[in-house]
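Working notes, structure below.
The values are calculated or read from the model by the stated rules, or taken from the named source; none is laboratory data. Being a predicted model, the structure only gives us computed values, none of them experimental. For neighbour counting, all protein chains shown are included, and Cβ atoms are generated from backbone atoms with ideal geometry for every residue, glycine included.
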Amino acid sequence: MDAQDLQHYLADAPPSVVRLEIEKHFEPLADKQKRYAHFISRASFEGARIVLRQISPESEPIFDFILALYRSSGGDWKALQSKAGITDEDLDHFFNYAAQFLGNNGNYKSFGDAKFIPRCPESVFAALAATSPGAQSFYQATAGGIFSADKSGLLHLGYPDQGHTTTYYPNSPNITKTEIEAVSAWMEKKGLLPENTRLVKSQADTFEILIASADTTVPSEGGDIGKETEFKVDDGVLAGKTLKLVYGDHAKEMAAVAAQAKKAAENGDNENQQKMFSEYTKSFTNGSLLAFKDSQRFWIRDKGPMVESNIGFIETYRDPAGIRGEWEGFAAVVNLERTRAFGALVEAAPSLIPLLPWSKDFEKDKFLSPDFTSLEVLAFAGSGVPAGINIPNYDDIRQTEGFKNVSLGNVLSAKAPNEKIPFIAEEDLEVYQKYRDGAFEVQVGLHELTGHGCGKLLQETSPGTFNFDKENPPISPLTNKPVTTWYKPGQTWGSVFGSLAGAYEECRAELVAMFLSCEFPVLKIFGFGDGSFDIDGEAGDVLYASYLGMARAGLVALEMWDPKSRKWGQPHSQARFSILQCFLQAGEDFCKLDYHGDDLKDAVIRLDRSKIPTVGRKAVGDYLQKLHIYKSTADVEGGTKFFGDMIYVDPEFWGKKVRDEVLANKQPRKVFVQANTFLDEATGKVTLKHYDATPKGMIQSWAERQV
């Protein structure tokens, strides 16, 4: 790889380190609630090593290397610098890399899945490693993975047979995408859920499905598909192959998680919390995802808690096959004031969803009003901290039992100092800077509640049983003819649409938010305007900031497109780029990228504010309708082609000229320093400790979690 290309993979200098403020929300909690939050936080972070193992072979030893340096020096970095014989600049490069690594819980960006590499020579890390035997051992275990960039494919996560890195399929460089899909189909047929698994091609004729559990043998009562652990396949791609279920993946971590979950159950405020964490304990002990699904049912029923949480193998974005979940867990405190606005949005949802561009045949029979809370994050263990969450992801639960939405307030409000905002015109900056936070909160609310919360999947729920009138099928608005496709028994949205599902669904949810944010009564719920149409008033400012922000997000998303493989690296980025294309294709000069000359150095987004409720909304609605109907009817062929066209990057203009300018103006993505809690066993009191918003503070916070 040449030096110019490598520049794009260097660690941010400096990274944007921001502190998640929580103290004023945590301190008013009762002692029992603080203990509940503490044990959830501990359970979440006990699983943090699992994330490292899901990313790259070198991530876990890099993590241990960083913490070994902190512990061997006692946090006296100047003394360590002197011992290593490195310069101030060298030490700063180490700090910048370490902060970005810990903020992403691995050496690949959580947003974009691209590797990042230190800006200093490898000799600097070698000198630091030489200061302590422990650090030296961990550094050697990285096997050169910190700096390696000789193969461009290894700079991105993806399928092994396409030359990329992933440890969802560890020690299996020869496993193919076709084999992975065949094993997935076998698991679906058996009723074995994949989220807490990894897959190893151990021999030419054997595949091992690794199940995360504290127990290393099949549970005495049997696993989710019984006590049998070895299966011979007779047909298809896997004909003649053996599939083995292997319990005990991440056994040490899962045992520690289960122990903390059990303590959380003992400190729950109510029966739902106690049962939820009892099911978590069972799932993490024996690997049962059926028990995990039961935990999610109790979680949905736990309405209005002061301490909110979720924990487990949740989002499937980073598995190249799109079915295996990354470990994550969070503990957060409810912000009662902001939650009231979200409660009003929930009340309004049944009147908003019928406004969406499809008939009731493609919508749930009844909107299952969820809990929607604004949270202040105490702890979030994963590869990144989102702004909002809508879970559980199991369609059978979402369609019939419900779901929950959360907006993470202290993530939304976290600001980096001296943050630059490229591609927004000078005359728009004042309005954009003033209202972008409010616009983003509205967007997150609509995205999570009405976006992910709306829509019906037409299903044959069991052989011969349908959740729609099979004799008189719904009329598709795309063809004006009865639908001819639907989900067959055992199929899910994820299993049918596969690796495309994440980006596709994020796009659909973003479009719902864009469409419904044009409803001025919605903007009033969040404190903007009086509910009447006023495109030139404050509510109009929020709407304008929302559409400008989405267009800008679509532009900067090109950072996540790889020109060599011509592939996207992040689901949200694909979604936002496609929405920018939707805006540009709307016509009537609604939106354009304005620039002079071929170098695009003065490129800004021009968007006609007056046409958002008309031209812009119509374009969004047309795009949304197509995505929704393809999803609802399991039309994977039509949906894949349509969405594929929308995320296509012309390599010369968008992939070269525009992307080069995006990279030249790239801003560091925020990484968050989180507080720690400490329990006094004698008194049962929990204390909170914050850390400086610096790389040193980031390293100290992780060292004191003792994971």
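Select from segment 24-59 the residues that are in contact with a Gly (Cβ under 8 Å, 6 or more places away or on another chain), surrounded by fewer than 20 Cβ atoms within 10 Å (Cβ to Cβ) and assigned to a helix (DSSP H, G or I) and list them in ascending order. D31 - this is the single residue of segment 24-59 that is in contact with a Gly (Cβ under 8 Å, 6 or more places away or on another chain), surrounded by fewer than 20 Cβ atoms within 10 Å (Cβ to Cβ) and assigned to a helix (DSSP H, G or I).
Scanning segment 248-287 for residues that are within 24 Å of R340 (Cα to Cα) and not in a helix (DSSP H, G or I) gives G268, D269, N270. For segment 585-620, filtered to residues that are touching an Asp or Glu at 6+ places or on another chain (Cβ under 7 Å) and in a strand (DSSP E or B), the residue that is farthest from E652 (Cα to Cα) is R606.
Among the numbered conditions (1) farther than 22 Å from L29 by Cα; (2) basic (K, R); (3) at pLDDT 95 or above, the only one that K685 does not meet is (1). Among the residues examined, P571 does not qualify as out of contact with any strand residue (DSSP E or B) (no Cβ under 8 Å at 6 or more places or on another chain) and surrounded by fewer than 18 Cβ atoms within 10 Å (Cβ to Cβ). Only one of the listed residues (D428, D395) is under 30 Å from G304 (Cβ atoms), acidic (D, E) and in contact (Cβ under 8 Å) with a residue 12 or more places away in the chain. That residue is D395.
Considering every residue within segment 66-89, establish whether at least one is touching a His at 6+ places or on another chain (Cβ under 6 Å), touching a residue at least 12 places away in the same chain (Cβ under 8 Å) and either at negative phi or among the hydroxyl-bearing types (S, T, Y) (or both). First the steps, then the outcome.
Our first condition is that a residue be touching a His at 6+ places or on another chain (Cβ under 6 Å); within segment 66-89, this holds for none.
Checking segment 66-89: not a single residue is touching a His at 6+ places or on another chain (Cβ under 6 Å), touching a residue at least 12 places away in the same chain (Cβ under 8 Å) and either at negative phi or among the hydroxyl-bearing types (S, T, Y) (or both).
Considering L352, L290, the condition of being within 30 Å of Q625 (Cα to Cα) and outside any loop (DSSP other than H, G, I, E, B) is satisfied by L352 alone.
Matching residues to (1) modelled with pLDDT of 95 or more; (2) surrounded by fewer than 22 Cβ atoms within 10 Å (Cβ to Cβ); (3) basic (K, R):
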site: T450; (1), (2), (3): no, no, no
site: S462; (1), (2), (3): no, yes, no
site: K481; (1), (2), (3): yes, yes, yes
site: F526; (1), (2), (3): no, yes, no
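Looking at W327, is it buried (at least 24 other Cβ atoms within 10 Å of the Cβ) and either over 20 Å from K32 (Cα atoms) or modelled with pLDDT under 95 (or both)?
yes
Yes or no: segment 622-630 includes at least one residue that is hydroxyl-bearing (S, T, Y), surrounded by 23 or more Cβ atoms within 10 Å (Cβ to Cβ) and within 29 Å of the chain's Cα centre (by Cα). So far as segment 622-630 goes, yes, one or more of its residues are hydroxyl-bearing (S, T, Y), surrounded by 23 or more Cβ atoms within 10 Å (Cβ to Cβ) and within 29 Å of the chain's Cα centre (by Cα).
In this structure, does M306 turn out to be among the hydrophobic types (A, V, I, L, M, F, W, C), in contact with a strand residue (DSSP E or B) (Cβ under 6 Å, 6 or more places away or on another chain) and within 15 Å of N196 (Cβ to Cβ)? Explain how you work it out, then say what you get.
Values: among the hydrophobic types (A, V, I, L, M, F, W, C): yes; in contact with a strand residue (DSSP E or B) (Cβ under 6 Å, 6 or more places away or on another chain): yes; within 15 Å of N196 (Cβ to Cβ): no.
The answer is no for M306.
Taking segment 414-436 as the range and being surrounded by 15 or more Cβ atoms within 10 Å (Cβ to Cβ) and among the acidic types (D, E) as the test, only D428 passes. Taking each residue of segment 590-604 that is among the aromatic types (F, W, Y) and looking for partners that are assigned to a loop (DSSP other than H, G, I, E, B) with beta-carbon atoms closer than 8 Å, six or more apart or interchain, yields F590/D608; Y595/K601; Y595/D602; Y595/A603. Might you let me know whether segment 185-202 holds any residue that is surrounded by fewer than 17 Cβ atoms within 10 Å (Cβ to Cβ) and assigned to a strand (DSSP E or B)? Yes, that holds for at least one residue.
Can you name the residue in segment 666-693 that is of a type in the set (S, T, N, Q) and surrounded by 16 or more Cβ atoms within 10 Å (Cβ to Cβ) and, of all such residues, is nearest to the chain's Cα centre (by Cα)?
The initial filter retains those residues of segment 666-693 that are of a type in the set (S, T, N, Q), namely 667, 674, 676-677, 683, 687.
So of that shortlist, the ones also surrounded by 16 or more Cβ atoms within 10 Å (Cβ to Cβ) come out as 674, 676-677.
Details: Q674: 18, N676: 23, T677: 25 Å.
This residue is Q674.
Do we find that Y487 is touching a residue at least 24 places away in the same chain (Cβ under 8 Å) and under 16 Å from the mean Cα position of the chain (by Cα) in this structure?
Details: touching a residue at least 24 places away in the same chain (Cβ under 8 Å): yes; under 16 Å from the mean Cα position of the chain (by Cα): no.
Considered against the rule, which asks whether it is touching a residue at least 24 places away in the same chain (Cβ under 8 Å) and under 16 Å from the mean Cα position of the chain (by Cα), Y487 comes out as no.
Of all residues in segment 256-279, none are surrounded by 17 or more Cβ atoms within 10 Å (Cβ to Cβ), modelled with pLDDT of 95 or more and closer than 18 Å to S184 by Cβ. Within segment 630-656, the set of residues being in a helix (DSSP H, G or I) and touching a Ser or Thr at 6+ places or on another chain (Cβ under 6 Å) comprises M646 only.
Taken over segment 203-247, the criterion of being part of a loop (DSSP other than H, G, I, E, B), among the small types (G, A, S) and within 21 Å of E326 (Cβ to Cβ) is satisfied by S213, A214.
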